[in-house]
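The values are calculated or read from the model by the stated rules, or taken from the named source; none is laboratory data. None of these values were measured; they are calculated from a predicted model. Every residue, glycine as well, gets a Cβ built from its backbone with ideal geometry; the counts of neighbours run over all protein chains shown.
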Amino acid sequence: MNWQSLAIYLLCSSQICLADNGMVMSMDDGMTLAVGNMLSYLHFTPGDTLWFLGWVPKSSGAMVGTCFALFMLAMIERWIVACRGVMEFHWSQQAIIIASDKLNTVPTRSSPIGFIKHFTPPFIPAHDISRGVMFVAQTLLNYLFMLTIMTFQLGFILSLVVGLGVGETLFGRFGSVTHAH
């Protein structure tokens, strides 16, 4: 056997070994984890890891507590959206006042100042840092919700959906304040 055929043999055999990584690639069973199985279909079975190894509800009481916590987090996410909507309206009003003060004019509802429609609001640290913090909190919750959905645990999913619906019912009208004026 010459060196070229040996190289081809090694290249082909390495590709075969890399194809399965020594793992059984059957999708019939759940993925075995250190704590339990991750089921890749919708289920009500307790024992799924939620976000970290310390939060694995295995009893029915733990499942109820986890679902309640997810319900409350979903409502908090909708509350953050409402707070952002209210604050955006307040901040835009403040930006108009600051811009008109710089030009020594008074904006009125009957005669809006033309530049107000086409100006970029000034950077106000108290407004913009608060906006960024609220956005980070909202994004973090949304990513945590995505990870929760990926457990395929129907109790978790329904808790999030109902919590988001209740939160939107309670706080949704505040988030649309910016569109009302």
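Out of Gly172, Gly132, report the one residue that is at pLDDT below 90 and part of a helix (DSSP H, G or I). Steps first, answer last, please.
Numbers: Gly132 fails: at pLDDT below 90.
Criteria check complete, one pass: Gly172.
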Seminar exercise, completed: Within the range 43-99, the residues that are touching a Lys or Arg at 6+ places or on another chain (Cβ under 8 Å) and either at pLDDT below 90 or of a type outside the set (A, V, I, L, M) (or both) are Pro46, Gly47, Arg84, Glu88, Trp91
Problem set entry | Hits in the range 135-156 - residues which are part of a helix (DSSP H, G or I), among the aliphatic types (A, V, I, L, M) and without any contact (Cβ under 8 Å) to a residue 40 or more places away in the chain | Val136, Leu140, Met146, Ile149
For this session: Hey, can you tell me all the residues within the range 124-146 that are in contact with a Leu (Cβ under 8 Å, 6 or more places away or on another chain) and of a type in the set (S, T, N, Q)?
Result: none
